[in-house]
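> Okay, handing you the structure first.
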Amino acid sequence: MRSHLLNDTTAESYRRSVTEGIERVAAKLATTTRPFTGVTVDALSPRIDEIDLDKPLLDTAAVLDELEDVYLRDAVYFHHPRYLAHLNCPVVIPAVLGEAILSAVNSSLDTWDQSAGGTLIERKLIDWTTARIGLGPVADGVFTSGGTQSNLQALLLAREEAKPARDGWEGPAAFTALRIFASEVSHFSVKKSAKLLGLSPDAVVSIPVDHDKRMQTVALARELERCRREGLVPMAVVATAGTTDFGSIDPLPEIAELCEQYGTWMHVDAAYGCGLLASVKYRDRIDGIERADSVTVDYHKSFFQPVSSSAVLVRDASTLRHATYHAEYLNPRRMVQERIPNQVDKSLQTTRRFDALKLWMTLRVMGADGVGQLFDEVCDLAAEGWKLLAADPRFDVVVAPSLSTLVFRYIPASVTDPAEIDRANLYARKALFASGDAVVAGTKVQGRHYLKFTLLNPETTVEDMSVVLDLIAGHAEQYLGESLDRAS
Ligand SMILES: *Cc1c(COP(=O)(O)O)cnc(C)c1O
């Protein structure tokens, strides 16, 4: 069994084995004609259930054959131009190469003595990102597992910074007074974080959005004022730069003004909109982000990086101390004096992947403009899609895109019952998924079911969008036709 350990004596076997796997994936990518096969849970479960994990196949080729059957054949393929659903992106080759390297070397970024150069590479990428944001000379941050974790960490720092606002209050008692302000279309991880941070159930104040799904700053000002009047503590405002559902960007400069006025921590959740940090054409859409106290970025959404690759950035490096704990075995306090850079001092995780390497490879091979251009292309594509939808009487489209998302619904000429229209749209999404021809997402707008394109693939064309819209209309029509039959 030692022959499976990766070391000096097995380098050749490593090369062969990994190449074999890469060949399978490459063949798959080259021949995939649909984003999905439409396989059902019921069809796939028995194939996985019947595998006895206590009876290994002992042969890589045989395991890869089996994997074809239980995974590769029916996986959802994000590189396909008709995958238009979630914020999971097609990935760039330099990043996939980085992934292969980082797992083979297997650095762990918690301490210098498990990482060495990896630590410095991560730090340089953090500095690169904070400079792009414009966070100033004492900014810092750390890579995380995703936007959810970045938001949690940012709000932890905000909570700790806000606590002294109530003199004499300690621990959970102080938490009950804390309030977070986020728009009604902010990410659910804000509420989840509030719960994890021990805040009261009504800690997150939902701020209404305007017609373009941007936070209404008049409402924010009113709620901040009410908070102060009631003797509560405005712990943080979470501005979203690219909402998950609409790609809308909250008015960052106005929000920054209000945060300054009320002494409130400004967190910008740019999990999606961070792609504009590299944009050649549209960087100005996130102007004001430089005034944040903390920022969430998901490179695995708009920098074409494989899952996971994300970071939380802060204006003031010293605030990261709220995540610092020392262990004698790992990162004893004396190492701080010795100026040994242990990233665990800044992180919620301990053992941590060298995800930064993927972004490093990407920037070194393609350059920031290269990545930014790809994101610009999907933003341009969304603008084209908006025109397509706005001109098509079969569809109602919600907001003009600020990034690369389109939310719309099929509206049949013959049917006026909104519940029936809901059902037709739900059916169309399901039927499309089951056909595997394309994958789209869904969401609710003012209580009604809508469909969603999240465009992250520069290979998607206007023609693809047009074909998928026809498919949606076809499925919805079929549902309504059958529904008429049922009624008669
Ligand atoms: C996706 C997303 C998140 C969560 O990020 P994960 O990487 O999925 O954990 C947070 N905020 C926004 C606005 C998002 O779009």
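All of the numbers you see were taken from the coordinates with simple rules; none came from a lab. Nothing here was measured: the structure is a model prediction, and the numbers come from that model. Cβ sites come from the backbone with ideal geometry, for glycine too, and all protein chains shown count toward neighbours.
> Semi-axes, largest first, in whole Å: what does sqrt of 5 times each Cα gyration tensor eigenvalue give for the stretch 254-349? Numbers along the way, then the final one.
Numbers: eigenvalues 176, 76, 20 Å².
Equivalent ellipsoid semi-axes, largest first: 30, 19, 10 Å.
> Now, a different point. With no solvent and one equal point scatterer placed on each C-alpha of the stretch 121-251, evaluate the Debye formula and give log10 I(q)/I(0) for q = 0.21 Å⁻¹, two decimals.
-1.29
> Taking only the alpha-carbon positions of the chain and ignoring solvent, what does the Debye formula give for the base-10 log of I(q)/I(0) at q = 0.08, 0.11, 0.12, 0.14 Å⁻¹?
Debye intensities relative to I(0), on a log10 scale: -0.57, -1.03, -1.18, -1.41.
> Given the stretch 108-353 reduced to its alpha-carbon atoms as identical point scatterers, what log10 I(q)/I(0) does the Debye formula return at q = 0.09, 0.11, 0.13 Å⁻¹?
For the stretch 108-353 at q = 0.09, 0.11, 0.13 Å⁻¹, log10 I(q)/I(0) is -0.37, -0.55, -0.77.
> For the pairs Lys28/Lys301; Lys195/Lys387; Lys358/Lys430; Lys163/Lys444; Lys28/Lys358; Lys191/Lys301, flag any whose C-alpha to C-alpha distance is greater than 31 Å. Kindly include the intermediate steps, with their values, before the conclusion.
On the way: Lys28/Lys301 23 Å; Lys195/Lys387 41 Å; Lys358/Lys430 34 Å; Lys163/Lys444 36 Å; Lys28/Lys358 22 Å; Lys191/Lys301 21 Å.
Where the Cα-Cα span goes over 31 Å, the pairs concerned are Lys195/Lys387; Lys358/Lys430; Lys163/Lys444.
> May I pose another question? Thinking of the stretch 364-487 as a set of Cα atoms, what percent of all their pairs are more than 17 Å apart?
Values: 4393 of 7626 pairs.
The proportion of pairs with Cα distances above 17 Å equals 58 percent.
> Just flag the GluC sites (Glu not before Pro) in the stretch 403-488 sitting in loop per DSSP whose Cβ has no more than 15 other Cβ atoms within 10 Å.
Numbers: sites: Glu420, Glu459, Glu463, Glu477, Glu482; in loops: Glu459.
Those satisfying the criteria are Glu459.
> Just need the relative contact order of the chain here, percent rounded to a whole number, with Cα pairs under 8 Å and 6+ apart. Numbers along the way, then the final one.
Numbers: 872 pairs, mean separation 98.3, N = 488.
Averaging sequence separation for qualifying contacts and normalising by length gives 20 percent for the chain.
> Let me ask another. Would you be so kind as to identify which of Thr9, Ala311, Leu199 lies farthest towards the positive end of the dipole of the chain, taking Lys and Arg as +1 and Asp and Glu as -1 on Cβ and the Cα centre as origin?
Leu199
> Hey, could you get me the Stokes-Einstein D for the stretch 362-408, Kirkwood radius over alpha-carbon pairs, 4 °C and 1.567 mPa s, rounded to whole µm² s⁻¹?
Details: Rh = 11.8 Å.
Rounded to a whole number, D works out at 110 µm²/s.
> Would you calculate, for the chain, the mean residue ellipticity at 222 nm contributed by helices, counting each DSSP H stretch of 4 or more residues as -39,500 (n - 2.57) and dividing by all residues, to the nearest 500? Display every interim value, and only then the final one.
Working: 16 runs with 207 residues, N = 488.
The helix contribution divided over the chain gives -13500 deg cm²/dmol.
> Can you give the alpha-carbon Rg of the stretch 1-159 over 2.2 N^0.38 Å, where N counts its residues? The partial results should precede the final answer.
Details: Rg = 20.5 Å, N = 159, 2.2 N^0.38 = 15.1 Å.
Taking N as the residue count of the stretch 1-159, the ratio is 1.35.
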